[in-house]
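Presented below is the structure to which this report refers.
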Amino acid sequence: GPPRCFHSTVLHPDGTCLVVYGGSIITDRCDQKNLSDVFLFHFQSKKWTKQRCSGPQLATASHSAIVYGRHMYVLGDCLPDFQEFKKRGDAHVGVFRRLDLDTYEWTNLRYSTKLKVLKKFSMNCWNGQMVVFGGDAYDRHGVWENTAAMQLYDFQSKKWSLVHYNNNASLAPH
């Protein structure tokens, strides 16, 4: 695949290839350009292929991705500033999408606006849920701050929730 940074890479559920999505490149004019492409690296042949995808295309960088079932779930986007975040509003908050890894069709999903919009976070799967932890979040003044927030997405109910700690949140890693 072509050079890039701020992309995501997951293992395809059948274990035969890596799936690389989005990210950024630096253009000839030294501008950062976000990408919407999907590449596959096939382990057996050691070859890259560009995968054609259907559905809404969206250039995304600084996101995270996980595989659950036969889908890749992508959360996050590099939002340049608080005013841009407010302007994009509910339709684009947090960028939450799913790629069917059999048909390669994108679907936009709903990210609850009641939860913190994050960047530089990590996520994983646990017990039928996507667990999203930490990162930077906008405070009420539009300033990025570190957070120890933990959010859950239930794959079956398709609902988001915020985890409330039973002990002092300051003990969580920052």
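Per-residue accessible area (protein heavy atoms, 1.4 Å probe) orders Trp126, Trp160, Trp48 as Trp126, Trp48, Trp160, starting from the largest. Here each label is just a point 7 Å from Cα along the line to Cβ, and for His42 and Asn124 those points are 3.2 nm apart.
Report the calculated FRET efficiency for Lys159 and Thr16 (r = Cβ-Cβ distance, R0 = 30 Å), to the nearest 0.05. Spell out each step's value before the answer.
Numbers: r = 33 Å, r/R0 = 1.09.
FRET efficiency, Lys159 to Thr16: 0.35.
In loop segments of region 1-42 as defined by DSSP, the trypsin sites (Lys or Arg not before Pro) with at most 12 further C-beta atoms inside 10 Å of their C-beta are Arg29.
Residue separation times 0.36 nm, minus the C-alpha to C-alpha distance between Asp136 and Gln57: what's the value? Don't skip to the end; give the middle numbers.
Numbers: separation 79, 0.36 × 79 = 28.44 nm, distance 2.55 nm.
Gain on stretching Asp136 to Gln57: 25.9 nm.
The values are calculated or read from the model by the stated rules, or taken from the named source; none is laboratory data. Every value quoted in this text rests on a predicted model; they were computed, and no experiment measured them. When we count neighbours, we look across all protein chains shown, and the Cβ atoms used for this are built from the backbone with ideal geometry, even at glycine. Please note that ligands, DNA and RNA were not included when accessible areas were found on the heavy atoms of the full protein model with its side chains. Shrake-Rupley method; radii C 1.70, N 1.55, O 1.52, S 1.80 Å.
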